[in-house]
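A quick write-up on the structure given underneath.
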Amino acid sequence: MSSGPNERRLRLRAVLNEQSTAILVACLLLAAVGAGLAYTTHVDPGTETETRTVSSLTVESEYRHSATVTEPNAVFQTGAVLDGRDTYFARIAPELDVDVATSYAASSAENVTVEVGSTLVVRNVGEGDVVYWRDTEPLASETVSNVAPGETVNASFTLNSTAIDQRTASIEEQLGASPGETETFVTTEVAVDGSIGGVPTATTQTLEMALTHGGATYAVDEPGVQSDTTPRTVQETVEREYGALRSFGGPLLLLAGLVGAGGIGYATREYDLALTSAEREYLSYRDDRSEFAEWITTFRLPASTHERPTAEAESLRDLVDFAIDNDTGVVEDPQTGAFHAVSGEFVYTYRPPAPATGDHGGIAGDDGQAAAEAVDDEGSDDEAVTDADSTAVASAPGSTAATPSADGDSPDEEREAADVDVPDEADVWEMDTRPTDADAGGSDEGDDDRA
């Protein structure tokens, strides 16, 4: 028995009827959110403060170093220049020539001054960056005005590794002790000042290059090219912009909310969404059928089973509960759709309500269900009574077939005129309707006995 579409429509009606207010509120909220998003996106997006870089100043500085061979040796020629090395030989090239190269980049610049100052630092440092003693010596200072973007400013100085080593030893000897570790390095301060992009701009950069003395050699550890950028920004008030998701999502939410609210309003106004008692009964039956499917088998019981007295169950759930309690099964008749459970001398039956074909797509009312039960009822008593009445009346003595009279009088009037005694239904059932002996081929004596 296929009732899927009817059941789906009924359940949809039930949900709409029970949740119509909640659905309407949700649709209105959705429309309100969509309207708000659409308004703030397309009508009044508002403004926001945006930071924009209008110009920037980038300063680049680096140490360039080399040493000239001054003592004859078997490897390097006297006067040869050793440059860019990590380690130099203190005996044949004791002096390190250092050049601090500085340049800057800017989209536009005016009156830019570059100042470079370097200092030699020798100090003794212990644990926790504790400085026990410190000795400094200015090396070089260079100031250049009206420096153009990309122009290089050089500040040069020379370090004598032997002289630095001797000075360090002298300080330690004078102090009598060196509790920490002695460090030697060059620190350089680079200052750039000028009008960058029409705005006064000043920036400072610090570099360090370490020197490590190892007796006959000294090592140089420099950081390479150091680049520092100073941006110049301005804050502007601009109109707020939104992405495609919000631009299209707001109107779509508004449209969906309005359509949903209009649809649910129209449905509740134009249609009766409330389920009838028969429709609710049908849905209850379908729920029970799905819940107890494992307890139900489908086959047709023999006709002799239906000769037993029948007890009607109010619901399929009641029938299944009874079958479980009495250790029997529930059988679904594939032809009638009725459910039966056989126990003892009785057949316990539940006849489900039929799916309706009415306006709501629900299930049939009481009359339709009664008609269906009359069709499904096997060997019903009504049919037996009807047949018995017909036979009794036809065979009763003195019974006369009533036919319309030629002059148009009713059958009752003709019977009254002929003074014919017509037995009522109770009398018919009390009459002896057995065949006579004459009908069975008997003698006249049988007729006398009957008289």
Mark the label point 7 Å from the Cα of ARG85 along Cα→Cβ and return the residues of segment 189-217 whose backbone N is within less than 18 Å of it.
-> 210-217
With r as the distance between the Cβ atoms of THR21 and SER170 and R0 = 56 Å, compute the FRET efficiency 1/(1 + (r/R0)^6) and round to 0.05.
-> 0.05
Centre separation in Å (Cα based) which lies between segment 68-118 and segment 243-262 | 70
Amide H contacts under 5 Å for ALA354, restricted to residues at least 5 apart in sequence or on another chain and with H modeled in the peptide plane, are ALA364
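What does the charge add up to near ASN6, with Lys and Arg as +1, Asp and Glu as -1, over the other residues with Cβ less than 11 Å from its Cβ?
+3
Can you give the extra length, in nm with one decimal, that the chain gains between TYR242 and TYR39 once fully stretched, where that is 0.36 nm per residue apart less the Cα-Cα distance? Before the final figure, lay out the partial values.
Details: separation 203, 0.36 × 203 = 73.08 nm, distance 1.21 nm.
Here the answer is 71.9 nm.
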Where in segment 280-301 does the label zone of THR310 land, with the point 7 angstrom along Cα→C-beta and an amide N cut-off under 20 Å?
-> 282, 285, 297-301
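Could you tell me the calculated FRET efficiency between THR47 and LEU255, based on Cβ-Cβ distance and R0 = 30 angstrom, to the nearest 0.05?
E between THR47 and LEU255, to the nearest 0.05, is 0.60.
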Computed D for segment 75-194, Stokes-Einstein, Kirkwood radius over alpha-carbon pairs, 20 °C, 1.002 mPa s, to the nearest µm² per second, is 126
In cubic angstrom, how much convex hull volume per residue do the alpha carbon atoms of segment 126-230 span?
-> 146
Which FRET efficiency, nearest 0.05, do SER178 and ASN154 yield, Cβ-Cβ r, R0 30 Å?
-> 0.25
For peptides 98-107, 319-328, sequence by mean Cβ density within 10 Å, most packed first | 98-107, 319-328
With label points built 7 Å along Cα→Cβ from the Cα atoms of ARG300 and VAL131, find their separation and express it in nm.
-> 11.1
Filtering trypsin sites (Lys or Arg not before Pro) in segment 211-249 by DSSP loop and by at most 15 other Cβ atoms within 10 Å leaves ARG240
So ALA32 and ASP325, fully extended at 0.36 nm per residue minus their Cα-Cα distance, gain in nm 99.8 nm
Count neighbours as other Cβ atoms within 10 Å of each site's Cβ, and list the GluC sites (Glu not before Pro) in segment 93-180 that are DSSP loop with at most 14 such neighbours.
-> GLU151
Quick one: putting +1 on the C-beta of Lys and Arg, -1 on the C-beta of Asp and Glu, what dipole do you get for segment 285-326 around its Cα centre, in Debye to the nearest 20?
-> 280
Amide H contacts under 5 Å for ALA311, placed H, 5+ residues apart | VAL347, TYR348, THR349
Which of the GluC sites (Glu not before Pro) across segment 228-296 are loop residues per DSSP, with 16 or fewer other Cβ within 10 Å?
-> GLU241
Over all viewing directions the Cα convex hull of segment 223-365 casts an average projected area in nm² of 23.7
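Every number in this text was worked out from the coordinates using simple rules, so none of it is lab data. Model, not experiment: these values are computed from the prediction. Here Cβ is always computed from backbone atoms with ideal geometry, including for glycine, and neighbour counts include all displayed protein chains.
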